[in-house]
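Student: I have a structure here, written as structure tokens, and I will follow up with some questions on it.
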Amino acid sequence: MNFQQLRSVREAVRSGFNLTDVARTLHTSQPGVSRQIRELEEELGLEIFVRAGKRLTGLTPPGTTLLPIVERLLLEAANLQRAGQDFRASGEGRLSIAATHSQARYALPQVVRDFRALFPQVTLHLHQGSPRQVAEMLLSGEADIGVATEALAGYGELVTLPCYRWSHSIVVPPGHPLLDLPEPPTLRQLARFPIITYELGYTGRAHIDEAFAREGLQADVVLTAMDADVIKTYVELDMGVGIVASIALDAERDRHLRMIDARHLFEVNLTRLGLRRGSWLRGYAYRFIETFVPTLTREAVDEALRSER
């Protein structure tokens, strides 16, 4: 049994059983991948994959049972490599961060700047995606650390740690009727206007929809986007009332807009940091986490990584 056989099995599942894609990922040939899988099956004395002719079409029941073991073995092999690198060169290497657009644009810039000053020899890779994509990058090993508000807590293979709480704000052009109200606007008053906000699954959108649903109201959402800057652009064009994360607002940068605190309307959101359970973190990864969330010390992170599901 060897690691190339295990990688062939893992990548076959990840690629949807397309051996051409597996060969490309592992920088080998398709017959080579088939041979690695077949040799492992012969050594184990069972078939891991269901076949239709020469094509793989799925996992057999034993294959389904064995896949998590294969994943763990490869994870521990990667951990062993990282541990060796950590002892050889603690201030050099690479760190991959996966984050949603809002986190990458508004929450992480100062953290990245401070981290780069501390570890100039570490190459930092910042990937952006939806909350689900952030989780998938963590699970596949493409990312070491993930930051998102939605989705991360729904994966048992991930350890999630609280980062910070935030609320939404309403943004409108100067002179908008909502600015003339004697009291903060109600949901019913807000529902009278076309609304521009985040796409489903992004930046607390679920809490916005839930708030209107609880009041029996139907929000007139005329435009959605992943990016708060896009939302604000269309609000400036007077196409509707914007609902964005408060962290996405800056009085100087957004001087052509007016802001109304909406924490009384929508539930407060919690941004989480995600790590793959059982993974080895380089020393500088702990420093990145603590730079982002000072309460998440190395001891606190290690305790979470050791905890049971």
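The values are calculated or read from the model by the stated rules, or taken from the named source; none is laboratory data. Only a predicted model underlies this, so the values are computations on that prediction, with no experimental measurement involved. Positions of Cβ are generated from backbone atoms using ideal geometry, with glycine treated the same way; all protein chains shown enter the neighbour counts. For the accessible areas, the whole protein counts, side chains as well, though only heavy atoms, and no ligand, DNA or RNA atoms are used. Shrake-Rupley method; radii C 1.70, N 1.55, O 1.52, S 1.80 Å.
Student: Given 0.36 nm per residue, what is the gain on full extension from E215 to R132 after removing their alpha carbon distance, in nm? Each step should come with its number before you reach the end.
Tutor: Values: separation 83, 0.36 × 83 = 29.88 nm, distance 2.87 nm.
Between E215 and R132, full extension yields an extra 27.0 nm.
Student: Amide H to amide H, which residues 5 or more places from L273 or on other chains are under 5 Å from it, using H placed in the peptide plane?
Tutor: L161, C163
Student: Provide, for q = 0.10, 0.15, 0.21 Å⁻¹, the log10 of I(q)/I(0) from a solvent-free Debye sum over equal Cα point scatterers in the stretch 69-192.
Tutor: Debye output, listed in q order: -0.49, -0.85, -1.26.
Student: Continuing with this model, one more query. Express the accessible area of the chain per residue in Å², computed with a 1.4 Å probe while the remaining protein chains stay in the model. Please list the in-between numbers first.
Tutor: On the way: 15780 Å² over 309 residues.
On a per-residue basis, 51 Å².
Student: Continuing with the same structure: How many nm separate the modelled label positions at T295 and K54, each set 7 Å beyond the Cα in the direction of the Cβ?
Tutor: 5.8
Student: Extending each Cα 7 Å along its Cβ direction at V112 and E199, get the distance between those two points in nm, one decimal.
Tutor: Distance between the two pseudo-spin positions: 2.0 nm.
Student: Please find the FRET efficiency linking T186 to E39, where r is the Cβ-Cβ separation and R0 is fixed at 45 Å, and quote it to the nearest 0.05. It would help to have the intermediate numbers written out before the result.
Tutor: Details: r = 68 Å, r/R0 = 1.51.
The formula returns an efficiency of 0.10 here.
Student: Another question about this same structure. If you consider only alpha-carbon coordinates, what radius of gyration and Dmax does the stretch 109-181 have, in Å?
Tutor: 17.8, 54
Student: If you don't mind, another one. In a shell of Cβ-Cβ distance under 15 Å around K54, excluding K54 itself, what net charge do Lys and Arg (+1) and Asp and Glu (-1) give?
Tutor: The answer is +2.
Student: Same structure, new question: Short version: what are the Cα gyration tensor semi-axes of the stretch 132-227, square root of 5 times each eigenvalue, largest first, in whole Å? Show your work: numbers first, answer last.
Tutor: On the way: eigenvalues 220, 35, 32 Å².
Whole-Å semi-axes of the equivalent ellipsoid: 33, 13, 13.
Student: Express the relative contact order of the stretch 187-309 as a whole percentage, based on alpha carbon pairs under 8 Å and six or more residues apart in sequence.
Tutor: Details: 107 pairs, mean separation 29.4, N = 123.
Averaging sequence separation for qualifying contacts and normalising by length gives 24 percent for the stretch 187-309.
Student: Quick check: at a probe of 1.4 Å, how many percent of the accessible area of the chain sits on carbon and sulfur atoms?
Tutor: Numbers: 8060 of 15780 Å².
Percent of accessible area from carbon and sulfur atoms in the chain: 51.
Student: Would you compute, from DSSP H runs of 4+ residues alone, the mean residue ellipticity of the chain at 222 nm, taking -39500 (n - 2.57) per run and dividing by the full residue count, rounded to the nearest 500? Intermediate values should be presented prior to the final figure.
Tutor: Values: 11 runs with 125 residues, N = 309.
Helix-only estimate at 222 nm: -12500 deg cm²/dmol.
Student: Can you give me the relative contact order of the stretch 1-42 as a percent, contacts being Cα pairs under 8 Å and 6 or more apart?
Tutor: On the way: 32 pairs, mean separation 17.6, N = 42.
Averaging sequence separation for qualifying contacts and normalising by length gives 42 percent for the stretch 1-42.
Student: Along each principal axis of its Cα atoms, how long is the stretch 190-309 end to end? Whole angstroms, biggest number first, please.
Tutor: 50, 36, 22
Student: Computed from these coordinates, which is Rg and Dmax of the Cα atoms in Å: (1) 31.2, 104; (2) 23.8, 77; (3) 18.8, 58?
Tutor: Among (1) 31.2, 104; (2) 23.8, 77; (3) 18.8, 58, the one derived from this structure is (2).
Student: Let me ask something else. From the phi of every residue in the stretch 205-218, what ³J(HN,Hα) in whole Hz does the Karplus formula 6.51 cos²θ - 1.76 cosθ + 1.60 yield, where θ is phi - 60° and glycine or proline is x?
Tutor: 4, 4, 5, 5, 5, 5, 5, 5, 5, 4, 8, x, 10, 10
Student: Measure off 7 Å from each Cα along the Cα-to-Cβ vector at S29 and V268, then give the distance between these two points in nanometres to one decimal.
Tutor: Each label point lies 7 Å from its Cα, and together they span 6.2 nm.
Student: Can you give me the long-range amide H partners of F49? Hydrogens built in the peptide plane at 1.01 Å from N, cutoff under 5 Å, separation of 5 or more residues or another chain.
Tutor: Result for F49 returns T60.
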